[in-house]
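A.B. asks: The structure that follows is given in the form of structure tokens.
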Amino acid sequence: MKAVVDFSLSQLPESDINDLAAYLQTATPPRETPPKPVSANPAMIVEGKRLYAANCAACHQANGAGIVDVFPNLAGNQSVWNGPPDNLIGAMLGGLIPWHKNGPAMPGFADVLNDEEIAAIANYVRTAWGNPGVADATAKDVLKLRETAPPRQIALADRDYLNLSPIGSAAARKLGCPLLSTPMSDPGNHWMTIMEGVTTDTLPNRTRALIDEVRKLYPNATREELTNYAVTAYCPAVAAEPGLSRSEKRAALARFRQALPALIAGPEHSPATNAGG
Ligand code: HEC
């Protein structure tokens, strides 16, 4: 090297040195700071939380604590936040065989949730309840796993879908009805039967009856909670209606949501009927 410097580089005209310097600068790209882990946008996490409540919380509970010996906890569970999100996504796509003999299985959500939705739930679960994971799941990851995942572990027969309620029918699943949480599925509450066989004519009164029942158990239920209970109860009834296409069923649910605020307020609470005592 010394010879090169002494006899050649040191002798180079200044213009050549400049050219050489310019070349060296382009040949080695400027050093970058290491790529930051991708993190989901806050809206995705909010959506993930909503979808978790509708699809997972009935079993794994809203606080992710699960139920001892029946449903594993997701809060503080390394298998969901440590490493890449593949296992978590795989569990959602394919479902899982029961944890304990005679215990319930975990249903697969491959037909119920789309790629974005599964990624959103994964990112919520990886970062919720103090889980220190990275919200790096993307719809692309889900699609890739859909294509390569082994066949579903769980047969999606009606009774597999939900051991929680007989109303968790295949039709309800196809429509993406929310799963039933404990107070809804408790047969002692009769909440689900209130909506069975409901028609357009009977819907308003049945809805009021349902809301009254829920309020008996939860006097401080918020509007949002009441809305969720009502939609959860009505959805399987719409799903079971023969002769309606999927989009007509969705439209019926949307109309129901729109009508709910008035039904939740109830005529007995409106100023008009209360006026004058
Ligand atoms: C009907 C009840 C039920 C529902 C609904 C349900 N799961 Fe599960 N889940 C289970 C059961 C039971 C297991 C245990 C299966 C096993 O270990 O074999 C499980 C296991 C898991 C595991 C593996 C945990 C571990 O420690 O191995 C993950 C992750 C998971 N569920 C995520 C979800 C997510 C996310 C959703 C919502 C999209 C969901 N589950 C919905 C019942 C359910």
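Since every read-out is calculated from the coordinates, none of them should be taken as a lab result. Quick caveat, the model's predicted, so the values are computed rather than measured. Positions of Cβ are backbone-derived with ideal geometry, glycine not excepted, and every protein chain shown enters the neighbour counts.
A.B. asks: Suppose the chain between ALA43 and ILE67 were pulled fully straight at 0.36 nm per residue; how much longer would it get relative to their current alpha carbon spacing?
C.D. replies: Between ALA43 and ILE67, full extension yields an extra 5.8 nm.
A.B. asks: Sticking with this structure for a sec: Between ILE97 and LYS144, what is the label-to-label distance in nm when each label sits 7 Å out along the Cα-to-Cβ direction?
C.D. replies: Taking the two extended label points, one gets 2.8 nm.
A.B. asks: Can you give the charge dipole size of the range 37-156 about its Cα centre, rounded to the nearest 20 debye, using +1 on the beta carbon of Lys and Arg and -1 on the beta carbon of Asp and Glu?
C.D. replies: For the range 37-156, the charge dipole is close to 180 debye.
A.B. asks: At each listed q (0.11, 0.20 Å⁻¹), what is the log10 of I(q)/I(0) that the Debye formula gives for the range 37-156 modelled as equal alpha-carbon point scatterers?
C.D. replies: -0.32, -1.12
A.B. asks: Follow-up question, since we're still on this one. Between THR199 and ARG250, 0.36 nm times their residue separation minus their Cα-Cα distance comes to what?
C.D. replies: 16.8 nm
A.B. asks: Applying a 10 Å radius around every beta-carbon, put 84-92, 112-120, 219-227 in order of their mean neighbour count, most first.
C.D. replies: Output ranking for 84-92, 112-120, 219-227: 112-120, 84-92, 219-227.
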